[in-house]
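*Asks:* After the structure tokens below, expect a handful of questions from me.
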Amino acid sequence: MTRYLADTHILIWTVNQPERLPPTVKGALSDPAGQACFSPVSIWEIAIKHSLGKLDLNGHSPEELLGQILASGFTCERPSVETIASSHRLPRRHKDPFDRLIVWQAISQGLTLLSVDSVAALYAQDGLRHLCA
């Protein structure tokens, strides 16, 4: 079974704007042999950006969005404390700390990242399995 880790944009688009999902991501999310997961790091990113006024959730709160994500069939895949502690090993190709930890979690826990972030694709040389559009 392939376990997919959706990045923050993929989570938001899945529940608010599914038409924005690339075909490769739609295929992965509908794969009956796959498991769609999200990181609590994404929920933290959503909550912070929403509270700063940098993220519009179409009138929903981060708590409501989480409920929609869970209702869409995603499961929460928590990074281990070892993953968090070792995240300093990830080369500094990406500046966003949320994205860096999500990428490192995917690498460390053997998950396939679903992302539209072209910078994330640069981590393939570091062991990232990904479906980037």
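Please treat every number below as a calculation from the coordinates, not as lab data. Bear in mind the structure is a predicted one, so any value in this text is a computation, not a measurement. Here the Cβ is made from the backbone with ideal geometry for all residues, glycine too, and neighbour counts use every protein chain on show.
*Asks:* Identify, from the list Leu90, Leu114, Leu131, the residue that is within 17 Å of Gly34 (Cβ to Cβ), surrounded by 15 or more Cβ atoms within 10 Å (Cβ to Cβ), aliphatic (A, V, I, L, M) and touching a Phe, Trp or Tyr at 6+ places or on another chain (Cβ under 6 Å).
*Replies:* Leu114 is the lone residue from the list that is within 17 Å of Gly34 (Cβ to Cβ), surrounded by 15 or more Cβ atoms within 10 Å (Cβ to Cβ), aliphatic (A, V, I, L, M) and touching a Phe, Trp or Tyr at 6+ places or on another chain (Cβ under 6 Å).
*Asks:* Further, regarding this structure: Got at least one residue in region 80-100 being touching a residue at least 24 places away in the same chain (Cβ under 8 Å), in contact with a helix residue (DSSP H, G or I) (Cβ under 9 Å, 6 or more places away or on another chain), under 16 Å from Thr14 (Cβ atoms) and not hydroxyl-bearing (Ser, Thr, Tyr)?
*Replies:* Taking every residue of region 80-100 in turn, none turns out to be touching a residue at least 24 places away in the same chain (Cβ under 8 Å), in contact with a helix residue (DSSP H, G or I) (Cβ under 9 Å, 6 or more places away or on another chain), under 16 Å from Thr14 (Cβ atoms) and not hydroxyl-bearing (Ser, Thr, Tyr).
*Asks:* While we're here: For residues that are in a helix (DSSP H, G or I) and polar (S, T, N, Q), scanning just region 17-57, find the one that is nearest to the chain's Cα centre (by Cα).
*Replies:* Step by step, filter region 17-57, then rank; the result is Ser42.
*Asks:* Scan Glu63, Glu77, Glu82 and give me the residue that is acidic (Asp, Glu), under 18 Å from Glu45 (Cβ atoms) and surrounded by fewer than 18 Cβ atoms within 10 Å (Cβ to Cβ).
*Replies:* On the way: Glu77 fails: surrounded by fewer than 18 Cβ atoms within 10 Å (Cβ to Cβ); Glu82 fails: under 18 Å from Glu45 (Cβ atoms).
Criteria check complete, one pass: Glu63.
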